[in-house]
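Have a look at the structure below, then the notes.
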Amino acid sequence: MSECLGMLGMTESPAVILVAQRPGPSTGLPTYSSQSDLRFVINASQGEFPRVVVAPGDATEGAYETARAFDISERFQVPVIILTDKYLSESYFTVEGLNQIPVPPPSTAPESKKEGYSRYRVTESGVSERLRPGTPGVVVRYNADEHDEDGFTREEPEIAKRMQEKRLRKRRAIEDHLRSLETVKVHGALDSDTVIVGWGSTKGPILDAIEILREKQLKVGFLQVLYLEPFPAEKVAQVIGSKKVVDVENNATGQLASLIRENLGIGVDEMILRYDGRPFEPVELVERIEEVL
């Protein structure tokens, strides 16, 4: 049911979508957990359009990144997907400071923009002024077919090319914005020769595991990739450097590892994967990490 995602891309409508993963294909293990939909949410729907994918690792990140997701979605008029899983979404946490999370105001065009208003006006950033349908004194056209700046359906090659390039320019603007945010987090021993990479709900078990390893006098760092699309290649490369990289994921194919290879041109050294519907346990993870160190 990803047609609606494509419609958001074409109409340039803001939306925040929560995807809580469980094992597939089909109904799979309907009451268990997984991290197997990363590639799906990055590429879901027909056509090419920018989106943002963020994967919180705990409830605190979930709360703050949800607020940030609404801001990004409104700011750039793109869908933002919050990628979680059954394990994380059904866990219990205590989160403090929720009343301090800033709530961004809706991003709309000022009243002065009404005269000569075009919903899809071509801009350098790709982001057009957005008035809501029903705004007095102006006609606002949203169109899920290819269209011109005023929202009228058009099929001429030059118009289709111009509007596609306009929408795709948002990706550069989004990347510039994300550089100022904490798109990755580094935990554990920063001076270690080995770094674990992971995302989402593996955060908790990995943090427990590296603490156990520390008590065993084994230093390991942990790179948590929080934003997965657009992929923060520069920040990931800075942390990885020439270290040995161990990928930890709850899927069978190492989907984060494939993103690292795609965006950095390097492969991980080892993969620790679990895909039986159960989350990692810290003691089990320690044993498997020790095997590959």
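Could you check the stretch 7-35 and list, in sequence order, the residues that are part of a loop (DSSP other than H, G, I, E, B), hydroxyl-bearing (S, T, Y) and farther than 15 Å from A55 by Cβ? Working first, answer last.
Of the stretch 7-35, the ones part of a loop (DSSP other than H, G, I, E, B) are 12-14, 22-35.
Then drop every residue that is not hydroxyl-bearing (S, T, Y), which leaves 13, 26-27, 31-34.
Across the stretch 7-35, the qualifying residues are S13, S26, T27, T31, Y32.
Filtered by the rule that a residue be part of a strand (DSSP E or B) and modelled with pLDDT under 95, the stretch 146-190 gives a lone residue, G188. The set of residues in the stretch 236-262 that are among the aliphatic types (A, V, I, L, M) and surrounded by 18 or more Cβ atoms within 10 Å (Cβ to Cβ) comprises V236, V239, I240, V245, V246, V248, L256, A257, L259, I260.
Being among the polar types (S, T, N, Q) and closer than 21 Å to N251 by Cβ is the filter; apply it to the stretch 187-204 and report the residue that is surrounded by the fewest Cβ atoms within 10 Å (Cβ to Cβ). Spell out how you get there, then give the answer.
In the first step, residues of the stretch 187-204 are kept if they are among the polar types (S, T, N, Q); the result is 192, 194, 201-202.
Subsequent filtering for residues that are closer than 21 Å to N251 by Cβ retains 201-202.
Working: S201: 26, T202: 30.
Only one residue fits best here, namely S201.
Cβ-Cβ distances below 8 Å connect no pair with a first residue in the stretch 145-167 that is aliphatic (A, V, I, L, M), a second residue that is assigned to a helix (DSSP H, G or I), and a separation of six or more residues or different chains. Filtered by the rule that a residue be surrounded by 23 or more Cβ atoms within 10 Å (Cβ to Cβ) and not β-branched (V, I, T), the stretch 78-100 gives P79, L83, D85, Y87, L88. Within the stretch 205-235, the set of residues being aliphatic (A, V, I, L, M), more than 22 Å from Y87 (Cα to Cα) and buried (at least 21 other Cβ atoms within 10 Å of the Cβ) comprises L213, V220. Is it true that R130 is closer than 21 Å to R51 by Cα, modelled with pLDDT under 95 and under 30 Å from the mean Cα position of the chain (by Cα)? So R130 passes the test.
Step by step: first the residues of the stretch 129-150, then only those that are of a type outside the set (S, T, N, Q) and within 20 Å of Q46 (Cβ to Cβ), then the one that is surrounded by the most Cβ atoms within 10 Å (Cβ to Cβ). Which residue is that? It would help to see each step written out before you state the result.
So in the stretch 129-150, the residues of a type outside the set (S, T, N, Q) come out as 129-134, 136-142, 144-150.
Pick out the ones that are also within 20 Å of Q46 (Cβ to Cβ) and you get 142, 144-147.
Details: Y142: 16, A144: 15, D145: 11, E146: 15, H147: 21.
Among residues in the stretch 129-150 that are of a type outside the set (S, T, N, Q) and within 20 Å of Q46 (Cβ to Cβ), the one surrounded by the most Cβ atoms within 10 Å (Cβ to Cβ) is H147.
Among the criteria (1) surrounded by fewer than 17 Cβ atoms within 10 Å (Cβ to Cβ); (2) within 17 Å of L178 (Cβ to Cβ), the one G267 does not fulfil is (2). Residue count for the stretch 239-286, restricted to those that are touching a residue at least 24 places away in the same chain (Cβ under 8 Å), assigned to a loop (DSSP other than H, G, I, E, B), more than 21 Å from the chain's Cα centre (by Cα) and within 19 Å of K185 (Cβ to Cβ): 2.
The values are calculated or read from the model by the stated rules, or taken from the named source; none is laboratory data. Since this is a predicted model, take the numbers as computed values, not measurements. Positions of Cβ are backbone-derived with ideal geometry, glycine not excepted, and every protein chain shown enters the neighbour counts.
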